[in-house]
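Asker: Before we start, here is the structure in question, set down as structure tokens.
The values are calculated or read from the model by the stated rules, or taken from the named source; none is laboratory data. Computed from a prediction, not measured in an experiment: that's the story for all the values here. Because the Cβ atoms are built from the backbone with ideal geometry, glycine has one as well, and the counts that use them run over all protein chains shown. Ligands, DNA and RNA are excluded from the accessible area calculation, which covers all protein heavy atoms including side chains. Shrake-Rupley method; radii C 1.70, N 1.55, O 1.52, S 1.80 Å.
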Amino acid sequence: MAGLAQVFGFGAMTNHQNDIRNSRSVMIIGMNPAENHPISMQHILTAKEVNRAVIISVDPRFTKTSAFANIYCRLRSGTDIPFIYGLINIILANGWEDKKMVNERTYDFEALKAEVAKFDAATVADITGVSKEQLFQVAKAMADNRPGTVIWAMGGTQHSNGTAVVRTYCHLQLVLGNMGRPGGGCDVFRGHDSIQGVTDIGGGPETLPGYYGIAETAWKHWSKVWDVPYEWMLSRFKSKEMMEKPGFTVARWYEGVLLDPKELGQDTNIKAVFFMGHSTNSMSQMDRVKRALEKVELIVDFDPFVTNTAVLPDRTDGIYVMPAATNYEQWCSSTNTNRDLQWRQRVVDPVFEARTDLAILIDLAERLGFKKQFIKNMKGSWKGVPASMKEVKALPEQTIDDVLREVNMGTLSIGYIGQTPERLKRQQQWAHVFDIKTKKAVGGPVDGEQWGLPWPCWHDKHPGTSILYRTDIPVAQGGSGFRALWGPKAPDGQTMLAAEGSAPAGGPNAGYPAQKEYATDLTRGAIKEAMAEGRHPYGNGRARFNSWNIPDPVPTHREPIHSPRPDLIAKWPTYDDVKEHYRVPQPYKSMQKPEWAKQYPIVLTTGRIVELEGGSAAERADWWLVELNPEMYVEIHPKLANDHGIKNGDWVWIESPEDMDGKPSRIKVKAKVTKRVGPDTVFLPYHWGGVFEGKSLASKYPEGTAPYSVGESANTVTNYGYDRVTQMQETKTGLCRIKKA
Amino acid sequence: MALTTARMKFYIDAKRCIECGGCEVACKNENNVPQGIARIRVVTVNEGQPGETNIAVPCMHCSKAPCVAVCPVDALYTRPDGIVHVNKETCIGCGYCLYACPFGAPQFPKGEPFGARGVMDKCTYCAGGPDEPFSEKERRFYGSNRIAEGKLPMCASVCSTKALVAGDAEEVAKVVRARAVARGSGVGAWGWETAYPTGPRL
Ligand code: SF4
């Protein structure tokens, strides 16, 4: 997400899944939609059948998706950048680049050219394992079959240089001219329900809703929206400095519990942790998570099922399990990977003691003494939030209307304006009139609207923007240029505004800066003014090959922290250590030890399988799913298995260098011998929990709540490593060794 | 819309199935299928290698069902709409149908041969059984009756990729043809010729 934002201006999928039906080539890199986004395969397979689209699968594993690809490239995990640069190199050498796109709508192509020149096909083959011939075949297929889309997921981002990897995917699409057109785009698929929505409303520790950041101006804007004095908001924090300092991330919060406060970016340790629908078995460094859960004073686990969190720590008190309502038991609006919003209907009242998310949060605010401020914008014509929330399980549908209305009011930056509760409910009634390929309504009261009113949607008549950065249609119909986010000029003096002749149809035919105060003017006057002139409120700028404000302005290859190639570490080392990142120290070079490749010679990669999802407290408690995939396993290539005397179904130990503690971590799992992985790599699904280093924790579940299947967590052995920008964990590339148990 | 009586068929598109298991889970949940029984099963060949192919196998409800032909007690019968059902009160659990079926559809629970489910169990096309539609007895012996509700079988309704298509023969044939035209070759309609032979059959 950060990678996309640093190139184009927004951290979101640019096109939509249905739009893949317009693609003539589809590169699927670092993702396995057949297991993780099964429905999207409908669109991908339709493109393959109807457009004869070339499907290219690039992955360390021959996945269930790879089975449908015309070209499959087995890439060494963590070497995406050399692979993509190798492609760009071939494209440039043959003059296949889109010169108009590059000249008129991008910044600093020269810098990119200089970097990709280092990656000739032989160098790429050495680093990635993809042959010269295959690299050429892929480059030519992408060049010959435009428009094409590049789609990815966590395989691209869960690396110490994940943000840089994503930027190179974007660069490839810019060079091919695949941006801003149907069938093209950078189509990252988000992996959980409404995770795009969570990012949009400020789920990260470095921003308020709508990507405003956490500087004073951002706090002032949102204080105005929330109708509370800025001074009151400030008074809730220890200091202005702490108010404006990014917090801990979900990837490393436990270091805030474990490390000496002297090493932290705050002067006390974390004392309490509140989990709301998040599982600990999807976090790396499980033994450190365990120790943090043992040390922290208070744990609350708010979830429909009892999760790994409740049984992992060895402690007898201070841990509270609270039953949460499922999505069937509450109304909500959600935002999917396409940036589409949908209204969700409640099907049943919350069962047993379950409570809805909103009821819990308001109750929490009540107990912490700021309920009045928290619900200030709940102004519906209904009876209102009860004076005491103590016994309340659920609130009326109108409270959710009010939540969305508040989002509509404040989130001007990315155009969360026209997705009003009324329009979303109307779309729900008229879902059948939307076209499957364009997502556009034909007739009825929703005529011309895009399904889900994808953001930006600038007012309550705007159809939404189903494809970002598209200049062939007017702004009023969902057209836009690249976001002019970085001012009119780059530090080197070059213009950051699009060239003459490259602008959304019907407005000024050139680049222009963002409309002044469009994101903070709550009267929406600034937005109206821009729309009236056919200009896009966020301006018409250039996409960046050079993101000067972040590490590696032009991405370059860096070996994973745990690389199996000591020779390449010397040439392409990781980053220098960082003293403080999201309040914790983040070492890089001092953790990259070339000798590990000898002790732990096998690449360890992790991912998902179709039967289970995330930490899978719910799925492993479902008999039908457990029947299909009953136990935790490791995928091992027949050669590797035979070399270790391991047969299919044998128990094996997987051991990894546990760098932060200097002791190896290990898990005991069943071997699944398969050619899905190459002989140098093993794969672990990360959904299991309830067993730790060979010891079952099943007896620790409260009576009757243990799932049907418990198993070792892959994340007990995933290695240290975090993205230089977002702190995303490097769980796609690590090292390990295996032993027959 | 054809004026003749509907004739139900399955189209199993081997070029589309991704082995997501949605059909298997939905079937079990809808019909409360006991553990160890699979009324539909996804089979994968060449797993993890080029040529990996998945095939979802329910009962195909064949036009001239060999199971019906071999059943010694006439527990199996073909309904006017082509759906093949078993009457569990007549079935003696002999297993002849299992040998006759080209798709391995008949299922026999291990352990309790004389229980309510001890006799042969198979895909009902989500059309219940010989008992009163929506009755408790039908639900317990055979599962749900979506056909009587005007709905399609659960597996086809949830299929992620529309690899599994169910419905009236003519409508299904349209889908088969459209995909064949788009692909220009191999329809991928696995088992189609076996289940629904066009020519005379011995
Ligand atoms: S639901 Fe469809 S795609 Fe999934 S396994 Fe069944 S037939 Fe295959």
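Asker: I'd like the Karplus ³J(HN,Hα) series for region A:553-566: coefficients 6.51, -1.76, 1.60, θ = phi - 60°, whole numbers in Hz, and an x wherever there's a Gly or Pro.
Answerer: With the stated coefficients, region A:553-566 comes to x, 9, x, 9, 6, 9, 4, x, 4, 9, 9, x, 10, x Hz.
Asker: Cα-Cα over 32 Å: which of A:Lys64/A:Lys99; A:Lys262/A:Lys670; A:Lys245/A:Lys571; A:Lys295/A:Lys668; A:Lys48/A:Lys670; A:Lys379/A:Lys516?
Answerer: On the way: A:Lys64/A:Lys99 36 Å; A:Lys262/A:Lys670 42 Å; A:Lys245/A:Lys571 35 Å; A:Lys295/A:Lys668 26 Å; A:Lys48/A:Lys670 36 Å; A:Lys379/A:Lys516 30 Å.
Exceeds cut-off: A:Lys64/A:Lys99; A:Lys262/A:Lys670; A:Lys245/A:Lys571; A:Lys48/A:Lys670.
Asker: Related question: For region A:118-187, what log10 I(q)/I(0) values come out of the Debye formula at q = 0.11, 0.26, 0.27 1/Å, with one point per alpha carbon and no solvent?
Answerer: The Debye formula, applied to the Cα set alone, gives -0.30, -1.23, -1.23.
Asker: Next question. Run through the DSSP bridge list for region A:1-154 and note the antiparallel percent, rounded to the nearest 5.
Answerer: Values: 0 of 13 bridges.
Approximately 0 percent, going by the DSSP bridge assignments.
Asker: Before I look further, what does region B:8-195 give for accessible area per residue, probe 1.4 Å, in whole square angstrom? Could the numbers behind the result be given before it?
Answerer: On the way: 8030 Å² over 188 residues.
Each residue of region B:8-195 exposes 43 Å² on average to a 1.4 Å probe.
Asker: OK, next. Could you sort A:149-155, A:367-373 so that the peptide with the highest average Cβ count within 10 Å comes first and the rest follow in order? Let's see the in-between values first.
Answerer: On the way: A:149-155: 25.0, A:367-373: 12.9.
Top of the packing list down: A:149-155, A:367-373.
Asker: Going by accessible area, probe 1.4 Å, with all protein chains left in place, what is the ranking of A:Phe83, A:Phe374, B:Phe141, largest first?
Answerer: Ranked list, largest accessible area first: A:Phe374, B:Phe141, A:Phe83.
Asker: While we're looking at this one, here's another question. Beyond 21 Å, what share of the Cα-Cα pairs of region A:566-740 is found? Please give it as a whole percent. Please list the in-between numbers first.
Answerer: Values: 8059 of 15225 pairs.
Value for region A:566-740: 53 percent of Cα pairs lie more than 21 Å apart.
Asker: List the extent of the Cα atoms of region B:35-79 along each of their three principal axes, largest first, rounded to whole Å.
Answerer: For region B:35-79, the Cα extents along the three principal axes come out at 44, 27, 17 Å.
Asker: When DSSP beta bridges are limited to those with both residues in region A:566-740, what percentage is antiparallel, rounded to the nearest 5? Intermediate results must be reported in sequence, preceding the final value.
Answerer: Details: 19 of 30 bridges.
Counting DSSP beta bridges with both partners in region A:566-740, the antiparallel share is about 65 percent.
Asker: Size of region B:30-172 along its principal axes in angstrom, Cα-based, largest extent first?
Answerer: 46, 33, 29
Asker: With only alpha-carbon atoms counted, please give the Rg and Dmax of region A:283-337, in Å.
Answerer: For region A:283-337, the Cα radius of gyration and maximum Cα-Cα distance read 14.3, 40 Å.
Asker: Averaged over A:57-70, how many beta carbons belonging to a partner chain fall within 10 Å of each residue's beta carbon? Write down the numbers at each step before the final one.
Answerer: Values: counts 0, 0, 0, 0, 1, 5, 2, 8, 1, 4, 12, 6, 1, 0.
Averaged over the peptide's residues, the number is 3.
Asker: Looking at region A:191-268, which chymotrypsin sites (Phe, Trp or Tyr not before Pro) are DSSP coil and have at most 14 other C-beta atoms within 10 Å of their C-beta?
Answerer: Details: sites: A:Tyr211, A:Tyr212, A:Trp219, A:Trp222, A:Trp226, A:Tyr230, A:Trp232, A:Phe237, A:Phe248, A:Trp253, A:Tyr254; in loops: A:Tyr212, A:Phe237, A:Phe248, A:Trp253, A:Tyr254.
Answer by residue number: A:Phe237.
Asker: By the scheme Lys and Arg +1, Asp and Glu -1, what is the net charge of all other residues having a beta-carbon under 11 Å from that of A:Ala153? Provide the component values of the computation, followed by the final result.
Answerer: On the way: positive: A:Arg190, A:Arg608, A:Lys732; negative: A:Glu35, A:Asp59, A:Asp187.
Here the charged neighbours net out to 0.
Asker: Averaged over B:14-20, how many beta carbons belonging to a partner chain fall within 10 Å of each residue's beta carbon? Walk me through the numbers before you get to the answer.
Answerer: Working: counts 0, 4, 7, 2, 14, 7, 8.
What the average comes to for B:14-20 is 6.
Asker: On to the next question. Filter the GluC sites (Glu not before Pro) in region A:375-417 down to the DSSP loop ones having no more than 16 other Cβ atoms within 10 Å, then list what survives.
Answerer: On the way: sites: A:Glu391, A:Glu397, A:Glu406; in loops: A:Glu391.
Qualifying residues, ordered by number: A:Glu391.
Asker: Using a 1.4 angstrom probe on protein heavy atoms only, which residues from region A:619-664 are buried by at least 30 Å² of accessible area when all chains are present rather than their own chain alone?
Answerer: Correct list: A:Trp623, A:Trp624, A:Glu627, A:Leu628.
Asker: Also: At 7 Å along the Cα-to-beta-carbon direction for both B:Lys174 and A:Asp650, put a label point, then send me their distance in nm to one decimal.
Answerer: With each label placed 7 Å out from Cα toward Cβ, I get 5.6 nm.
Asker: Additional query: So what's the net charge close to A:Leu293: Lys and Arg +1, Asp and Glu -1, counting the other residues with Cβ under 12 Å from its Cβ? Intermediate values should be presented prior to the final figure.
Answerer: Numbers: positive: A:Arg288, A:Lys290, A:Arg291, A:Lys295, A:Arg315; negative: A:Asp287, A:Glu294, A:Glu297, A:Asp301, A:Asp314.
Neighbour charge sum, excluding A:Leu293 itself: 0.
Asker: Taking a probe of 1.4 angstrom, what is the accessible area of B:Lys162 in Å², to the nearest 10?
Answerer: Rounded to the nearest 10, the figure is 110 Å².
Asker: With bins 5 Å wide starting at 0, give me the P(r) of region A:94-134 over every alpha carbon pair, in whole percents.
Answerer: Reading upward from the zero bin: 5, 19, 20, 21, 16, 14, 6, 0.
Asker: Taking only Cα atoms, what is the 0 to 90° angle, nearest 10, from helix B:22-31's long axis to the longest principal axis of chain B?
Answerer: The angle comes out near 20 degrees.
Asker: Give, ordered by residue number, each residue of region B:50-77 whose 1.4 Å probe accessible area is reduced by a minimum of 50 Å² on adding the remaining protein chains to the chain alone.
Answerer: At a threshold of 50 Å² (probe 1.4 Å), the residues of region B:50-77 that become less exposed are B:Glu52.
Asker: Continuing with this model, one more query. How much of the DSSP beta bridge set in chain A is antiparallel, as a percent to the nearest 5? Numbers along the way, then the final one.
Answerer: Values: 30 of 71 bridges.
About 40 percent, rounded to the nearest 5.
Asker: Now, a different point. So if a site counts as exposed when it's one of the GluC sites (Glu not before Pro), its DSSP state isn't H, G, I, E or B, and it has at most 13 other Cβ atoms within 10 Å, what's the longest stretch of chain B without one? Don't skip to the end; give the middle numbers.
Answerer: Values: sites that count: B:Glu89, B:Glu149.
For GluC sites (Glu not before Pro) (loop position, at most 13 other Cβ atoms within 10 Å), the longest site-free span of chain B is B:1-88.
Asker: At what distance in angstrom do the alpha carbon centres of region B:49-100 and region A:121-164 lie from each other?
Answerer: 48
Asker: Quick check on packing: order B:79-85, A:14-20 by the mean number of other C-beta atoms within 10 Å, highest mean leading.
Answerer: Working: B:79-85: 17.7, A:14-20: 26.1.
Ranked from most to least packed, the peptides come out as A:14-20, B:79-85.
Asker: If you don't mind, there's one more thing I want to ask. I'd like the projected area of region A:2-188, averaged over all directions, using the convex hull of its alpha carbons. Report it in nm² with one decimal. Kindly include the intermediate steps, with their values, before the conclusion.
Answerer: On the way: hull surface 36.6 nm².
Mean shadow area of the hull around the Cα atoms is 9.2 nm².
Asker: Given only helices, namely DSSP H runs of n ≥ 4 each adding -39500 (n - 2.57), what is the per-residue ellipticity at 222 nm of chain B, to the nearest 500 deg cm²/dmol?
Answerer: Values: 7 runs with 51 residues, N = 202.
Helices in chain B give a 222 nm mean residue ellipticity of -6500 deg cm²/dmol.
Asker: Sticking with this structure for a sec: Which order do you get for B:Tyr77, B:Tyr96 if you rank them by accessible area with a 1.4 Å probe, largest at the top? Show your work: numbers first, answer last.
Answerer: On the way: B:Tyr77 70, B:Tyr96 125 Å².
Correct descending sequence by accessible area is B:Tyr96, B:Tyr77.
Asker: Moving on to the next point. Counting only other chains, and only Cβ atoms inside 10 Å, what mean value do you get across the residues of B:35-43?
Answerer: Numbers: counts 3, 1, 0, 2, 0, 0, 0, 1, 0.
Average per residue, whole number: 1.
Asker: Hey, what number do you get for chain A at 222 nm if only DSSP H runs of n ≥ 4 count, each worth -39500 (n - 2.57), divided across all residues, to the nearest 500?
Answerer: -7500 deg cm²/dmol
Asker: Separate question: Whenever you get a sec, compute what percent of the accessible area on region B:8-195 sits on carbon and sulfur atoms (1.4 Å probe).
Answerer: Details: 4420 of 8030 Å².
Heavy-atom surface of region B:8-195 belonging to carbon and sulfur, 1.4 Å probe: 55 percent.
Asker: Once Rh for chain A is found with the Kirkwood sum over Cα pairs, what is the Stokes-Einstein diffusion coefficient at 37 °C and 0.692 mPa s, in µm²/s? Mind dumping the intermediate values first?
Answerer: Working: Rh = 26.7 Å.
Using the Kirkwood radius from Cα pairs, D works out to 123 µm²/s.
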